[in-house]
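Worksheet: the structure to be examined is printed underneath.
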Amino acid sequence: MKEKNIKARFARGGSNAYLVSMLEEGLVDYILDGQTFDLAGVKSMAENPNHVWTSPFTSYNHHSKGNFAGLVDVVILGATEIDMNFNANVVTHSDGYLLHGLEDGRIASFQKQ
């Protein structure tokens, strides 16, 4: 982005030190954050007014005034597995155990049956 002088209006997703550094370097104007993944993200959200908490239920709900799904130009998805047809697994490790809590806030402690 620096090389080609590209700047994003916002980045949406779970924040981490890498995304925070992009905000601090001016490569993105805002982080619209659905969850933070490390202490750099937590600190940035507490201190930087351009690091804003958002709810995925508002952000991607087409009935919501806060919907910005139509404004997204590029998506980068972190996945544990991707097959040859680009089906992405973002829910479980390859051993079948869930990675994290479910999106609706329930804590996941299930094992693949």
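The values are calculated or read from the model by the stated rules, or taken from the named source; none is laboratory data. Everything numeric in this text was worked out from a predicted model, so none of it was measured. Note: ideal-geometry Cβ built from the backbone for every residue, glycine included; neighbour counts use all protein chains shown. Accessible surface is based on the protein model in full, side chains and every heavy atom, while ligands, DNA and RNA are left aside. Shrake-Rupley method; radii C 1.70, N 1.55, O 1.52, S 1.80 Å.
The table that follows gives values for the structure above.
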| quantity | calculated |
| --- | --- |
| In region 23-62, the residues that are more than 14 Å from the chain's Cα centre (by Cα) and assigned to a loop (DSSP other than H, G, I, E, B) | 25, 26, 27, 48, 49, 50, 61, 62 |
| Count of residues meeting criterion [open to solvent by less than 30 Å² (accessible area, probe 1.4 Å) and within 20 Å of residue 73 (Cβ to Cβ)] in region 33-50 | 2 |
| Residue 75 at pLDDT below 85, among the hydrophobic types (A, V, I, L, M, F, W, C) and either open to solvent by 100 Å² or more (accessible area, probe 1.4 Å) or under 27 Å from residue 5 (Cβ atoms) (or both) | yes |
| Residue check, residue 102 at pLDDT 75 or above, more than 30 Å from residue 5 (Cβ to Cβ), under 17 Å from the mean Cα position of the chain (by Cα) and exposed (fewer than 12 other Cβ atoms within 10 Å of the Cβ) | no |
| Members of region 63-72 found to be open to solvent by 100 Å² or more (accessible area, probe 1.4 Å) and under 16 Å from the mean Cα position of the chain (by Cα), listed by number | 71 |
| Members of region 1-22 found to be farther than 24 Å from residue 60 by Cα, touching a helix residue (DSSP H, G or I) at 6+ places or on another chain (Cβ under 9 Å) and in a loop (DSSP other than H, G, I, E, B), listed by number | 1 |
